[in-house]
Structures are given as C-alpha cells and as structure tokens.
Amino acid sequence: DNAGPIKTLRAAESADTMAYRASLLVKPIDKVQLLLRHDYTREGGTGYQGSNFYPALSHGFLPEEVPNPRSVVYRGPQGSQDLTHWGVNGDLTIDLGPVLIGYLGSYRNLDFSSTSAGNIGVDFPGNTYGSLDDWSTSYWHTTSKSVVQELRLYSPDTSNFRWTAGGFFFNEDQTAFLGETADNSNSYAGTEYNMPSVKGRSFAGFADATYDFLEWLRGTAGIRVTQESKDRDGIGNVY
C-alpha cells in the first residue's frame, strides 16, 4: 500500500502476468516419436521492494509497533518491471530395436528490466515523511539466450545388460546492467555495473552400463567427462 502523500505512485508488488504452454506430439511411425513444446511468459507490474523499517526504528519504534509493515511511503520514480521469457524444446526418440536414439534440444530467451521505486520506509505514527523530492533509484536490465542439446544412444530397459552413451552441449550468452542514481548528493551521482557480454559453455561426454547378475544383485559403472568455460567483458564505474 502507498501510505505517502504522492497518490499517483502505485505501490510495489503489483503484478500483471500472462503465460501459456503448448505441446505437440508427433508419431509418424511406431518407431519414431517427436514431442515439441513452446512456453511463453510476459510479466509487468511495479516490481519488488522491501518495506524498509529503518526510519521507524530510528524514531524509537519496535517492529511490532508499526501498524502495517506493508504500508510504505513512496517517492521519486514509479517502480516498474518488464519480463519476457520464452523457449522451445524438442524430444526425439527413434527405436531401432537393439539400440534407441534420443535427442533433446532447447532454446530459451530471457529479457528482464526493472526500475526501483523510491522508498522512504514503512509508515508509523507521527511520520513527517521527510524529503519527498528525491529521485534516487536503480535500474536493472539483463538478457539471456541459451541453447541446450543432448544426444544419447541407449539399450532397451528389458535387457539384462543396459547401457547409455552420449554427448551434452550447453551455450549461453548473457548481458547484465545495473545502474544506480543518487539524488540530492554532493559530487556522487551513482554507480554503474555493466557486463555487456557474459558467455558460458559446457561440453560433456558420458557412458554408463548396468548388468543384472541375479534378480537381487546388479552392478553399475559409468563415466562422464565435462569441459566448462565462462568469460565476461564488463566494467563497474562510480561517478
């Protein structure tokens, strides 16, 4: 709730969300099956922010003496957020009898941005609000584009000797920006934390096998080799 005198500001944690998920199963022949999925989420609203008990505590109030911890005095910019997140993925299975082939692949895309609302703190008896002319805030914008793929060869579950062999691949490109402005200050205007290029990659090969010696005794062995890397370009500045 906005307990301050600037009634045009909407309080934090107001949500406006739309999402859906769709699936399609295709079986052109008995031995081939393909499952396709698509999901999409769009979320707006006023973003998320804490209540801020510091002003009430500094005036001698105990936390339990604050009438409503969700009643907050807002000032400055309108808090907001904008999230778009979607992805597609496929699961392909081919049955060749003694050997099955499985492929998993997906692509995901994320774009998130937010502007933090100005927050004087929770409302309390005798609150005089202080200065309302303060536009200090923070801005956050991050994106992510990722691809995941896995190819497997494996035996049917009905065999006494069951095995799997395959490879895995992951690649993600991210960007991240966090900026902060400080109003009513001397010489200090804010900070910038900017990472325009963050890359993550992973390659892996794996194999495992299980053998049923007896009805109550089995043995399993496996190996996985993974190579991962992550690098980023960016700089953080203080102005």
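The values are calculated or read from the model by the stated rules, or taken from the named source; none is laboratory data. Since we're looking at a predicted model, the values are computed, not measured. So basically every Cβ, Gly included, is an ideal-geometry build from the backbone, and we count neighbours across all protein chains shown. The protein model used for the area step is the full one, side chains on, heavy atoms only, and it has no ligands, DNA or RNA in it. Shrake-Rupley method; radii C 1.70, N 1.55, O 1.52, S 1.80 Å.
Quick notes on this one:
- HN-Hα J in Hz across the stretch 209-223 - Karplus 6.51, -1.76, 1.60, θ = phi - 60°, x for Gly and Pro: 8, 10, 10, 8, 5, 9, 4, 10, 9, 9, x, 9, 9, x, 8
- Note on Ile120: accessible area is roughly 30 Å² with a 1.4 Å probe, heavy atoms of protein only.
- With protein chains left intact and a 1.4 Å probe, residues in the chain average 62 Å² of accessible area per residue.
- Largest mean-square fluctuation among Phe206, Phe112, Phe161, in a Gaussian network model of the chain whose springs join Cα atoms under 10 Å apart, belongs to Phe161.
- Solvent-accessible surface (1.4 angstrom probe) belonging to Val122, in square angstrom, nearest 10: 0 Å²
- Sorted largest first by accessible area at a 1.4 angstrom probe radius, with every protein chain in place, the residues Met18, Met195 fall in the order Met18, Met195.
- Gyration tensor verdict on the stretch 66-177 (Cα atoms; rounded if a/c is under 1.5, prolate if a/b is larger than b/c, oblate otherwise): prolate
- Trp135 sits among other residues whose Cβ lies under 14 Å from its own Cβ, and their net charge, with Lys and Arg +1 and Asp and Glu -1, is -3.
- Asp16, Asp123, reordered so the largest accessible area comes first (probe 1.4 Å): Asp16, Asp123
- Carbon plus sulfur fraction of accessible area for the stretch 1-153, probe 1.4 Å, in percent: 58 percent
- Rg/Rh for the stretch 23-96 (Cα atoms only, Rh after Kirkwood) is 1.44.
- Per-residue surface analysis assigns Asp208 an accessible area of about 60 Å², computed on protein heavy atoms at 1.4 Å probe radius.
- Stretch in the chain that is longest and holds no trypsin sites (Lys or Arg not before Pro) that DSSP places in a loop and that have at most 13 other beta carbons within 10 Å: 71-239
- Scalar couplings 3J(HN,Hα) for the stretch 103-119, obtained by applying the Karplus form with A = 6.51, B = -1.76, C = 1.60 to θ = phi - 60°, are 10, 10, x, 8, 9, 10, 9, 10, 9, 10, 9, 8, 10, 7, 7, x, 9 Hz; x denotes Gly and Pro.
- Working note: 222 nm ellipticity from helices only, DSSP H runs with n ≥ 4, each -39,500 (n - 2.57), summed and divided by the residues of the chain, gives -500 deg cm²/dmol to the nearest 500.
- For Lys145, a cut-off of 28 angstrom between C-alpha atoms picks up these lysines, skipping any fewer than 8 places away in its own chain: Lys199, Lys230.
- Each principal axis of the Cα atoms in the chain has its own extent, and those three values, largest first, are 78, 39, 39 angstrom.
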